[in-house]
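What follows is a short report on a single structure.
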Amino acid sequence: MPAPASLRLTTYYNMIQIAQFDYIWLLLLIPALLAGYALFVRSKRRALSRFGDVSLMQPLMPLVSNRRGWLKVILLCFAIFFFTLGLMRPQMGATIREMKRQGIEIVVALDVSNSMLAEDFRPNRLERAKLAISKLVDRLRDDRIGLIVFAGDAYVQLPVTTDYVSAKIFLSSISPGIVPKQGTAIGSAIYMSIRSFTLQSEKSRVLIIITDGENHEDDAVAMAEEARKQGILVYTIGIGSEQGKPIPLGNGTMLKDKDGNIVVTKLDEATLQKIAAAGGGAYTRATNADLGLDRVIDDIRNMEKQEMASVVFEDFNEQYMWFFGIALCFLLLETFILERKNKWFRSFDIFKKTH
């Protein structure tokens, strides 16, 4: 595979973000701690007041310091504050990497109509197609891939991207229920695919349609011709058998027509061959051993590859360790400050009044 033609790094030091906002609720511990300590001081004064005037009793307790108690609580609040900020993972200094890639844009249009549940492929047509697409994604390096799902309508499942991990995640979530309107609108899928290609890929565009070919909705051949005019090669892969198979609906039942007859879905090779011919590509018949995607990819590897810019956002630089360090300093300071006055350090009492 060709290496990226160029690489440019740009760092933005003014970009700041918080990675985990969930920990912000820990800040509620601060007002709770202050309120709790205030109630504790108040209850302690009430207890002392039972024995007499608190101001008159103060000289009898020379080592007691209320201000030191408040100082320790405030230092603990600062420690909680900075510790919480550390848990929230502040990040800054994001690096944006822009690479020039030599590759091909591939859009896979996958039929998700009920007929793709037929079990002439194991475990069924749809799952077998998803497995083959997943293996195709594993072969990609500098190419882009997008996913279109279609039945009675067509929808973009994944915009054209180089994020192969996301492609496999979106692929795994595909099921017949993802498109509410049943049918097989191949023309609509081609139209949606045309709109999905980027402007950067004027010469290296490939559309791969995986279906049983039973088109019931529109003129797919005319749309394939339009795609060819826009520089898109249309390949078709027929999945199914000529004999056909019933469509299982679960619980041992099969799909039936309005007359109560079991619907048998068959591969329509003639339609798929016409679509591929109009789109300047080729038709491949899938088998249980090989869906045919490898042969299609080997064919399009000989195409002129288009240089495409790809911008990738790198991870932000983590800053949490600074906040943990500040929190630790406040905790150590709170630990070293005694709530009672120490006779060895009384001369260093920062609260001592001077005259």
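The values are calculated or read from the model by the stated rules, or taken from the named source; none is laboratory data. Because the structure is predicted, anything quoted here is derived from the model rather than measured. Every residue, glycine among them, receives a Cβ derived from its backbone with ideal geometry; neighbour counts consider all protein chains shown.
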#### Entry: Qualifying helices (runs of 4 or more DSSP H) (wholly inside the stretch 4-115; at least 1 residues being modelled with pLDDT of 70 or more, surrounded by 13 or more Cβ atoms within 10 Å (Cβ to Cβ) and touching an Asp or Glu at 6+ places or on another chain (Cβ under 9 Å))
66-87
### Query
Going through the stretch 138-153 one residue at a time, which ones are touching a helix residue (DSSP H, G or I) at 6+ places or on another chain (Cβ under 9 Å), outside any loop (DSSP other than H, G, I, E, B) and closer than 18 Å to Thr198 by Cβ?
Ile145, Gly146, Leu147, Ile148
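With respect to Arg128, is the statement that it is part of a loop (DSSP other than H, G, I, E, B) and more than 24 Å from Ala227 (Cβ to Cβ) true?
Details: part of a loop (DSSP other than H, G, I, E, B): no; more than 24 Å from Ala227 (Cβ to Cβ): yes.
Against the criterion (part of a loop (DSSP other than H, G, I, E, B) and more than 24 Å from Ala227 (Cβ to Cβ)), Arg128 does not qualify.
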### Task
Return yes when Thr162 is touching a helix residue (DSSP H, G or I) at 6+ places or on another chain (Cβ under 8 Å) and hydroxyl-bearing (Ser, Thr, Tyr) and no when it is not.
no
### Task
Just give me the residues in the stretch 251-273 being over 17 Å from Gln182 (Cβ atoms) and among the acidic types (Asp, Glu), in sequence order.
Asp259, Glu269
### Query
Looking at Ile239, Ile194, which is the one that is touching a residue at least 40 places away in the same chain (Cβ under 8 Å) and among the β-branched types (Val, Ile, Thr)?
Ile239
### Summary
Checked Asp138, Asp163 against criteria (assigned by TED's automatic domain parsing to the domain that holds Thr265, within 16 Å of Leu293 (Cβ to Cβ) and acidic (Asp, Glu)); the one match is Asp138
### Task
Kindly indicate whether any position in the stretch 156-163 is within 24 Å of the chain's Cα centre (by Cα), assigned to a loop (DSSP other than H, G, I, E, B), among the hydroxyl-bearing types (Ser, Thr, Tyr) and closer than 25 Å to Gly279 by Cβ.
yes
### Query
Within the stretch 99-141, can you find the residues that are of a type in the set (A, V, I, L, M, F, W, C) and within 22 Å of the chain's Cα centre (by Cα)?
Met99, Ile106, Val107, Val108, Ala109, Leu110, Leu131, Ile133, Leu136, Val137, Leu140
### Summary
(1) out of contact with any Phe, Trp or Tyr (no Cβ under 6 Å at 6 or more places or on another chain); (2) within 26 Å of Ala118 (Cα to Cα); (3) crowded, with 23+ Cβ neighbours inside 10 Å; (4) of a type in the set (Gly, Ala, Ser) all hold for Gly279 apart from (2)
### Summary
Note: among Gly177, Gly187, just one is part of a helix (DSSP H, G or I), over 22 Å from Ile275 (Cβ atoms) and not aromatic (Phe, Trp, Tyr), namely Gly177
